[in-house]
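Notes follow the structure.
Please treat every number below as a calculation from the coordinates, not as lab data. All values reported here derive from a predicted model rather than from experimental measurement. Positions of Cβ are backbone-derived with ideal geometry, glycine not excepted, and every protein chain shown enters the neighbour counts.
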Amino acid sequence: MPTIDGHDYEAEDTLLVADPAQLRAMSDPFRTQLVQLLRDRARSTQEISAELDIPKGTVGHHLKVLERAGLIHVVRTRQVRAVTEKFYGRTARLFLYQTEDPADGRTISANTLRQAANEVELAPVATGFGLVRARLSKKDMDRFERRAKKLMDDFRAADVAGGTPSSLTMGIWASEADDA
C-alpha cells in the first residue's frame, strides 16, 4: 500500500549514524538486515518473523535494540484481538555512517558488503562489478571518496515510485594487500 513517494510510511531523508549506541546496534548483521527490510514498507514482528523464518522473540529483541538506538520506530498500530500489533519503520530512508573508531567503521562496512553480497546472490541480473586496487596518495583517496559519495547521492536522488528496485554498493578503504 505505497502512499508516500512509493513508501507506506513517512521518514526523514537521511540520518547521520554517529552515536556509539547506534553504531553498536548496526554492527550486528541481523539488525542490518532488519533495517534494510524496513526501508520501503513497515512490518510487524509477526510479519518479519514469518518472512525471515526467525522466532518472534529473536526478532522482537533486535527490533527493541534498533528502536532504543533511534534507528527505527513504531509507525502505526492495529488491534488484533486483545493485542496491539506494532508496525516498525526506519527513522530515515538513508543512513550515513560516521565513526571515530576505525574498528566500528570496518564492522559497519563489512556488514554492508555482506548484505550486498546476499542481495547479489538473489538478484535476477547483476552487472557492473569489479574490485580494483591502486596505490593512492591521501589527496587522491579523498578525491575518490568525494566522487563516490556524489555518485551515491545521485543514485539515491534518482529513486522513483514504480521504478525497478536497484542497489548500489561502493567502498573505498586502505588495504593491506600490495598487489595494485
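Once each part is reduced to its C-alpha centroid, what is the distance from the stretch 117-180 to the stretch 49-93 in angstrom?
Going from one Cα centre to the other spans 30 Å.
For TYR97, enumerate residues with amide H under 5 Å from its amide H, sequence gap 5+ or separate chain, H modeled in the peptide plane.
Amide H neighbours of TYR97: VAL17.
Which value, in debye to the nearest 20, gives the size of the charge dipole of the chain about its Cα centre, when Lys and Arg are +1 and Asp and Glu are -1 at the Cβ?
With Lys and Arg at +1 and Asp and Glu at -1, about 240 debye.
Name the residue from LEU66, THR14, LEU38 whose Cα lies farthest towards the positive end of the charge dipole of the stretch 1-83, charges +1 on Cβ of Lys and Arg and -1 on Cβ of Asp and Glu.
Looking along the dipole axis, the top candidate is LEU66.
With Cβ to Cβ distances under 15 Å as the rule, what net charge do the other residues near ASP153 carry (K, R +1; D, E -1)?
Here the charged neighbours net out to +2.
Connecting C-alpha atoms closer than 10 Å in a GNM of the chain, tell me which of LEU37, LEU66, LEU52 has the biggest fluctuation.
Of the options given, LEU52 has the highest mean-square fluctuation.
Order the peptides 122-128, 167-173 from the highest to the lowest mean number of other Cβ atoms within 10 Å of their residues.
Details: 122-128: 7.1, 167-173: 12.9.
Descending packing order for the listed peptides: 167-173, 122-128.
Using +1 on the beta carbon of Lys and Arg, -1 on that of Asp and Glu, and nothing else charged, what's the dipole of the stretch 71-164 about the Cα centre, debye to 20?
140
Nearest 5 percent is fine: what portion of the DSSP beta bridges confined to the chain is antiparallel?
70
Whole-Å semi-axes of the chain's equivalent ellipsoid, largest first, each the root of 5 times a Cα gyration tensor eigenvalue?
Details: eigenvalues 203, 70, 50 Å².
In descending order, the three semi-axes are 32, 19, 16 Å.
Place a point 7 Å from Cα of LEU151 in the direction of its Cβ. Which residues in the stretch 115-142 have their backbone N less than 17 Å from it?
The answer is 116-117, 126-136, 140-142, whose backbone nitrogens lie closer than 17 Å to the label point.
When the helix-only estimate is applied to the chain (DSSP H runs of n ≥ 4, each -39,500 (n - 2.57), divided by the residue count), what is the mean residue ellipticity at 222 nm, nearest 500 deg cm²/dmol?
Rounded to the nearest 500, the figure is -13500 deg cm²/dmol.
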